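Chemist: Supplied in structure tokens, the structure appears directly below.
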Amino acid sequence: MRRAFGGGGGPDLRLSQSLGAFAGPGGDISPLHVFFEATNAGSEEVEVVRVYVSAKGDPRPVYEGPFGGDHALPFTLAPGESSRFHARAKALAGNLKRAGHGGRPRVRLVVEDASGNRREKAFRLRVDEYLDLKDE
């Protein structure tokens, strides 16, 4: 895990990202979502107070929600505990496009704790492709 501000300080929060959809009743499938997970791999509780997505090279958030998921902000993760949250891929892509990021920009999930520590997970998002997806 790459740490946002150097090596040793702060909690050991591990972040991951994936794409997927929800299965609904009758075999229906939801629109495409970007799923995120934060896992407390450390030995102390971590209070997560802010989650957002920003474009690489720009610290400003381009998407701060709404996120669906296990917990509403703020939430506390005990050692070994994880929380999953998600956003519609099309909504995230729309915000990136409006901020001037088309194609497959490098973006970052940013998770901040109550002590001001930040953890980041970089990934690429297919902005133009996701904007062309048909809604449910």
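The values are calculated or read from the model by the stated rules, or taken from the named source; none is laboratory data. All of these numbers come straight from a predicted model, not from anything done at the bench. Cβ placement follows ideal geometry from the backbone for every residue including glycine, while neighbour counts extend to all protein chains displayed.
Chemist: If you scan the stretch 103-118, which residues turn out to be buried (at least 22 other Cβ atoms within 10 Å of the Cβ) and farther than 21 Å from His33 by Cβ?
Modeler: If the condition is that a residue be buried (at least 22 other Cβ atoms within 10 Å of the Cβ) and farther than 21 Å from His33 by Cβ, then Asp113 is the only one that fits.
Chemist: Being more than 20 Å from Val34 (Cβ to Cβ), surrounded by 15 or more Cβ atoms within 10 Å (Cβ to Cβ) and modelled with pLDDT of 50 or more is the filter here; which residues of the stretch 1-14 pass it?
Modeler: Gly10, Pro11, Asp12
Chemist: If you scan the stretch 102-121, which residues turn out to be touching a Lys or Arg at 6+ places or on another chain (Cβ under 9 Å) and more than 18 Å from Arg50 (Cβ to Cβ)?
Modeler: Passing the criteria: Gly103, Arg104, Pro105, Arg106.
Chemist: Tell me which residues, restricted to the stretch 17-33, are among the small types (Gly, Ala, Ser) and modelled with pLDDT under 85. Steps first, please.
Modeler: The initial filter retains those residues of the stretch 17-33 that are among the small types (Gly, Ala, Ser), namely 18, 20-21, 23-24, 26-27, 30.
Answer for the stretch 17-33, where residues must be among the small types (Gly, Ala, Ser) and modelled with pLDDT under 85: Gly24, Gly26, Gly27.
Chemist: Residues being in a strand (DSSP E or B) and not small (Gly, Ala, Ser): count how many of those fall in the stretch 88-136.
Modeler: Of the residues in the stretch 88-136, 15 are in a strand (DSSP E or B) and not small (Gly, Ala, Ser).
Chemist: Only strands (runs of 3 or more DSSP E) wholly contained in the stretch 15-84 count here; list those with 1 or more residues that are in contact (Cβ under 8 Å) with a residue 40 or more places away in the chain, surrounded by 13 or more Cβ atoms within 10 Å (Cβ to Cβ) and of a type in the set (D, E, K, R). First the steps, then the outcome.
Modeler: Details: elements: 33-40, 46-55, 61-63, 75-77.
In the stretch 15-84, 33-40, 46-55 are the strands (runs of 3 or more DSSP E) which contain 1 or more residues that are in contact (Cβ under 8 Å) with a residue 40 or more places away in the chain, surrounded by 13 or more Cβ atoms within 10 Å (Cβ to Cβ) and of a type in the set (D, E, K, R).
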